[in-house]
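Have a look at the structure below before the remarks.
The values are calculated or read from the model by the stated rules, or taken from the named source; none is laboratory data. These numbers come from a predicted model, not from an experiment. Virtual Cβ from ideal backbone geometry, glycine too; neighbours counted across all protein chains shown. Only protein heavy atoms, including side chains, enter the accessible area calculation; ligands, DNA and RNA are left aside. Shrake-Rupley method; radii C 1.70, N 1.55, O 1.52, S 1.80 Å.
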Amino acid sequence: MAKIDLEAIIKRYDLENISIATLASHSSLQIFHGARAEGLNTVAIVERSRLEFYRSFTRLINDFIVVDRWSDLCSESVVEKLRELNSIIVPHGSLVEYVGSECAESLGVPIFGLRSLYRVEASQRLKMDLLKRGKIPVPRSFSGRDLDDIDTLVIVKLPGAKGGRGYFLSRDPAEIRLRLKRLIDEGVISSTDDALIQEYVVGVTAYFHYFYSPILDRLEILGCDIRYESNVDGLKRLPNKYIEEIEPTFTVIGNIPMVLRESLLLKVYDYGMRFVNETKRSLPPGIIGPFCLESIVRDNGDIVVFEFSGRIVAGTNLYIDGSPYSWLYWDEPMSVGRRIAREIKMARDRRLIKKILT
Ligand code: AMP
């Protein structure tokens, strides 16, 4: 992987005219809206087929870079144009998915966030390892070798399964063995170790939106949502006798706002801090800006984290005008998109821009 000389790139930037650039997808409208609210220039990297739609938000986007394929982001001409506009890339959930981790990791434009996390995020196992090292409670897990120890309902997760497609639930080692063998025969996985087998935690799903500010050295809880997933969240509408016939699936359809019992916030904050500290320890300089811990809250108040995202999540689109929590920190309508722009401005004004870019 080519090493990026970030310092040299930033040296040539006119920091008084920074642009916030992102792929036109996922949470880009929120990111543009926040950047404009902070008076920054915005650049949409957009696939031709989406141009008309994004153009209709005339207020939000100053410059368009039109590409035929998303992977053109890493082409010399696009990189050059981005640098000319003094761009800082704000990553979101579609970045690695659309351009691939190699392009995202080697992109010759400064990124607001922790690039080295992309490699960890690409592997469910590495992700769980990071959470465990950080002493964040995670579900019990089983490997292909200890299937016979399974004494509870488990969720079997397949690598790269978008929206949980192909996941299945079972409590029977023989059934799991058989289904994994079938998946190996079909070429979906190459060995049982490719599947992540986790205890299925019963409780309420809750996704915590955090923002870690390297400039203020402060962790902020900026919101919380529930992902509404099809068909698992629809099953409760059926009488019990029909539910057994249906295999649950976990495709995210939308997000529902949530406020937490205040007594839970202390634990949510603590686990967020553990994540910040673990990324500082194992992936210096550590997390920069937004991230999300994805959890189940049990009936005794225990929080079990089964996943994380090291960047802005789509659930924050609920709070473009600020969330109940962001008002407590800022007393103004502060979305995560706007918070990103605010952090970039604070870093620039305090001559600490390198602290927030990788
Ligand atoms: P993931 O691909 O890990 O984000 O999981 C997709 C969905 O499956 C989640 O949003 C949850 O609804 C559900 N899920 C994942 N892991 C667990 C677990 N260990 N226990 C209960 N539900 C889970």
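Summary table below
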| quantity | calculated |
| --- | --- |
| So Arg218, is it assigned by TED's automatic domain parsing to the domain that holds Arg274 and either under 22 Å from Gly322 (Cβ atoms) or in contact with a Leu (Cβ under 6 Å, 6 or more places away or on another chain) (or both) | yes |
| Pair list, Cβ < 7 Å and 6+ apart or interchain, from segment 190-206 residues that are among the acidic types (Asp, Glu) to residues that are within 7 Å of the ligand (Cβ to nearest atom) | Glu199/Pro139 |
| The one condition in (1) in contact with a helix residue (DSSP H, G or I) (Cβ under 8 Å, 6 or more places away or on another chain); (2) within 30 Å of Asn277 (Cβ to Cβ); (3) in contact (Cβ under 8 Å) with a residue 60 or more places away in the chain that Leu219 fails to fulfil | (3) |
| Inter-residue pairs, beta-carbon under 6 Å, first in contact (Cβ under 8 Å) with a residue 40 or more places away in the chain and farther than 15 Å from Arg133 by Cα and in segment 304-317, second crowded, with 24+ Cβ neighbours inside 10 Å and of a type in the set (Val, Ile, Thr), 6+ apart | Ile312/Val336; Thr316/Val336 |
| Qualifying residue in segment 168-187 (condition: within 10 Å of the ligand (Cβ to nearest atom), farther than 30 Å from Lys355 by Cα and outside the structural domain of Val90 (by TED's automatic domain parsing)) | yes |
| Matching residues in segment 126-137 - criterion: being away from the ligand (no atom under 12 Å from the Cβ), in contact (Cβ under 8 Å) with a residue 40 or more places away in the chain and open to solvent by 10 Å² or more (accessible area, probe 1.4 Å) | Arg133, Lys135 |
| Residues that are within 16 Å of Val202 (Cβ to Cβ) and within 10 Å of the ligand (Cβ to nearest atom), drawn from segment 138-160 | Val138, Pro139, Arg140, Leu153, Val154, Ile155 |
| Yes/no for Asp217 being open to solvent by 10 Å² or more (accessible area, probe 1.4 Å) and over 28 Å from Phe112 (Cα atoms) | no |
| Test for Ile320: is it hydrophobic (A, V, I, L, M, F, W, C), touching a residue at least 40 places away in the same chain (Cβ under 8 Å), open to solvent by less than 10 Å² (accessible area, probe 1.4 Å) and not assigned by TED's automatic domain parsing to the domain that holds Leu107 | no |
| Selected residue (criterion: nearest to the ligand (Cβ to nearest atom)) from residues of segment 241-269 that are free of Cβ contacts under 8 Å to residues at least 12 places away in the same chain, part of a helix (DSSP H, G or I) and open to solvent by 60 Å² or more (accessible area, probe 1.4 Å) | Tyr242 |
| Residue within segment 45-58 that is in a helix (DSSP H, G or I), over 21 Å from Val99 (Cα atoms), touching a residue at least 12 places away in the same chain (Cβ under 8 Å) and open to solvent by less than 60 Å² (accessible area, probe 1.4 Å) present | no |
| Matching residues in segment 293-312 - criterion: being part of a strand (DSSP E or B) and either within 12 Å of the ligand (Cβ to nearest atom) or over 13 Å from the mean Cα position of the chain (by Cα) (or both) | Leu293, Glu294, Ser295, Ile296, Val297, Ile303, Val304, Val305, Phe306, Glu307, Phe308, Ser309 |
| Failed item in (1) closer than 23 Å to Leu114 by Cα; (2) surrounded by 16 or more Cβ atoms within 10 Å (Cβ to Cβ), with Glu76 passing the rest | (2) |
| Members of segment 195-240 found to be more than 16 Å from the ligand (Cβ to nearest atom), outside any strand (DSSP E or B) and of a type in the set (Lys, Arg), listed by number | Arg237 |
| Any hit, segment 167-179, residues being open to solvent by 40 Å² or more (accessible area, probe 1.4 Å) and in a loop (DSSP other than H, G, I, E, B) | yes |
